[in-house]
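See structure below.
The values are calculated or read from the model by the stated rules, or taken from the named source; none is laboratory data. Quick caveat, the model's predicted, so the values are computed rather than measured. Cβ sites come from the backbone with ideal geometry, for glycine too, and all protein chains shown count toward neighbours.
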Amino acid sequence: MKRMHNKMTKHIYIDPTLNEAIKSNQPVVALESTIICHGMPYPKNIETAIEVESIIKKHGGIPATIAIIDGCLKVGLSSDEMQILAKNGDNVKKISRRDIPICIASRENGATTVSATMIISSMAGINIFATGGIGGVHRDVNSSLDISADLQELAQTNVAVVCSGVKSILDIPKTLEYLETQGVPVIGYKTNMMPAFYLSKSECKVDYRCENPEEVARIIKIKKDVNLRGGVLIANPIPEEYSIDESEINTAIEEALKETEKRGISGKLITPFLLKMVAEKTEGGSLNSNIKLIQNNALIATEISKKYSEFLGN
Ligand code: PSU
Ligand code: MN
């Protein structure tokens, strides 16, 4: 056990202040880096990354942005490291579970997706993670079998993820079915409907609804106490004033999906490509919404994390 631990610590670096905070059950909130490199253009990406960290701090939480830097799993990035990732954008590899050992071995930088960020959070002992949208089951799953590794990660890694649902570039009903099969609790935060990222609701219901951070934190704590493996998905709708007109977003998505097919894009390039196309087609309107919803998710994740810390203290 000790040997295993030492071998792991060779590859992970947790910022010492953050490490102290984690060890003393303070409200640490993890953040991913794919959103920085592949989710937004420079300099909006770095501005957002900094702003999201400061929102967490302002509300009494401790942010932990996660990435792979020169082959080291890093929990808590310096501002230089954030700048490097933001400026290099698309050139930084997108890292899901299976890419982690390869990125370490080749000593490269890597932008961690939801799945990789959950894994590294869990290694570091962080319980709550805020992001924009998670990956899911793609609409053409019958022919492509494209199901994001994020869903499988939620089935097996003990980190609660606050997001704004899944984009309708994906098949939302199938994504929910998959999460159900995999035993992942999906909680609507003050909503009965699964949000669809830019839209505050989709056509799908969620099974559970919580009204406040305390209710969510209690569920996460109970899940831990009874040793149920896996994550919890908290679906927090985009604030109404920032949601995008449904027909505008649907048209943009349909066009983006056609373009993807025409260009024969597949595998891990699909999601970043679709996101970029949708942003272009909505003339940047979607970018502003994207920023607002991430900020709001960071805020709710901080509140949940604070309550969870209280429960751990007892
Ligand atoms: N969906 C979004 N924004 C994102 C992503 C998904 O609305 O930035 C990113 C996340 O990092 C997510 C990843 O974990 O894409 C999923 O990629 P894939 O579909 O290739 O599994
Ligand atoms: Mn995929």
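Would you check if there is a residue in region 1-16 being acidic (Asp, Glu), more than 21 Å from residue 70 (Cα to Cα) and either modelled with pLDDT of 95 or more or not in a helix (DSSP H, G or I) (or both)? Within region 1-16 (the criterion being acidic (Asp, Glu), more than 21 Å from residue 70 (Cα to Cα) and either modelled with pLDDT of 95 or more or not in a helix (DSSP H, G or I) (or both)), the answer is no, since none of the residues qualifies.
Among residues of region 112-123 that are within 12 Å of ligand 1 (Cβ to nearest atom) and at pLDDT 95 or above, those with a Cβ under 9 angstrom from a residue that is in a helix (DSSP H, G or I) and among the hydroxyl-bearing types (Ser, Thr, Tyr), sequence gap 6+ or separate chain, pair up as 112/34; 113/34; 113/271; 114/34; 116/34; 117/34. The residue that is nearest to residue 125 (Cα to Cα), among those in region 141-156 that are surrounded by fewer than 23 Cβ atoms within 10 Å (Cβ to Cβ) and touching a residue at least 12 places away in the same chain (Cβ under 8 Å), is 156. Within region 263-285, the residues that satisfy the criterion of being assigned to a helix (DSSP H, G or I) and of a type in the set (D, E, K, R) are 263, 268, 276, 280, 281.
So which of 162, 141, 92 is within 20 Å of residue 236 (Cβ to Cβ) and either more than 11 Å from ligand 1 (Cβ to nearest atom) or small (Gly, Ala, Ser) (or both)? Let's see the steps before the verdict.
Details: 141 fails: within 20 Å of residue 236 (Cβ to Cβ); 92 fails: within 20 Å of residue 236 (Cβ to Cβ).
The unique qualifying residue is 162.
The one condition from (1) in a strand (DSSP E or B); (2) of a type outside the set (A, V, I, L, M); (3) under 30 Å from residue 313 (Cβ atoms) that residue 94 does not meet is (3). Looking only at region 224-252, count every residue that is assigned to a loop (DSSP other than H, G, I, E, B), hydrophobic (A, V, I, L, M, F, W, C), at pLDDT 95 or above and in contact with a helix residue (DSSP H, G or I) (Cβ under 7 Å, 6 or more places away or on another chain) and tell me the total. Result for region 224-252: 1. Residues in region 107-156 that are basic (Lys, Arg) and away from ligand 2 (no atom under 16 Å from the Cβ): 107 only.
The residues on offer are 293, 275, 269, and the sole one that is within 16 Å of ligand 2 (Cβ to nearest atom) and buried (at least 21 other Cβ atoms within 10 Å of the Cβ) is 275.
Of the residues screened, residue 159 is one that is among the hydrophobic types (A, V, I, L, M, F, W, C) and crowded, with 17+ Cβ neighbours inside 10 Å. Please verify whether region 76-88 includes one or more residues that are of a type outside the set (Val, Ile, Thr), in a helix (DSSP H, G or I) and within 16 Å of ligand 2 (Cβ to nearest atom). No, every residue in region 76-88 fails to be of a type outside the set (Val, Ile, Thr), in a helix (DSSP H, G or I) and within 16 Å of ligand 2 (Cβ to nearest atom). For region 183-213, the tally of residues that are assigned to a loop (DSSP other than H, G, I, E, B) and in contact with a Lys or Arg (Cβ under 9 Å, 6 or more places away or on another chain) stands at 11.
For region 162-182, residues that are surrounded by fewer than 19 Cβ atoms within 10 Å (Cβ to Cβ) and in a helix (DSSP H, G or I) total 5.
One residue is enough: does region 93-111 have a residue meeting the conditions under 29 Å from residue 220 (Cα atoms), among the β-branched types (Val, Ile, Thr) and surrounded by fewer than 22 Cβ atoms within 10 Å (Cβ to Cβ)? Scanning region 93-111 turns up at least one residue that is under 29 Å from residue 220 (Cα atoms), among the β-branched types (Val, Ile, Thr) and surrounded by fewer than 22 Cβ atoms within 10 Å (Cβ to Cβ). Could you check how many residues of region 157-180 are on the phi > 0 side of the Ramachandran plot and within 14 Å of ligand 2 (Cβ to nearest atom)? Of the residues in that region, 0 qualify. With respect to being out of contact with any Ser or Thr (no Cβ under 9 Å at 6 or more places or on another chain) and either among the basic types (Lys, Arg) or not in a helix (DSSP H, G or I) (or both), residue 51 falls outside the description.
Answer with yes or no whether residue 144 is at pLDDT below 95 and under 26 Å from residue 253 (Cβ atoms). It is true that residue 144 is at pLDDT below 95 and under 26 Å from residue 253 (Cβ atoms).
Of all the criteria given as (1) within 13 Å of ligand 1 (Cβ to nearest atom); (2) of a type outside the set (Phe, Trp, Tyr); (3) touching a helix residue (DSSP H, G or I) at 6+ places or on another chain (Cβ under 8 Å); (4) within 30 Å of residue 17 (Cβ to Cβ), the one not satisfied by residue 127 is (1). Could you go through region 262-274 and let me know if any residue there is within 19 Å of residue 175 (Cβ to Cβ), touching a residue at least 12 places away in the same chain (Cβ under 8 Å) and touching a Lys or Arg at 6+ places or on another chain (Cβ under 6 Å). Yes: region 262-274 contains one or more residues that are within 19 Å of residue 175 (Cβ to Cβ), touching a residue at least 12 places away in the same chain (Cβ under 8 Å) and touching a Lys or Arg at 6+ places or on another chain (Cβ under 6 Å).
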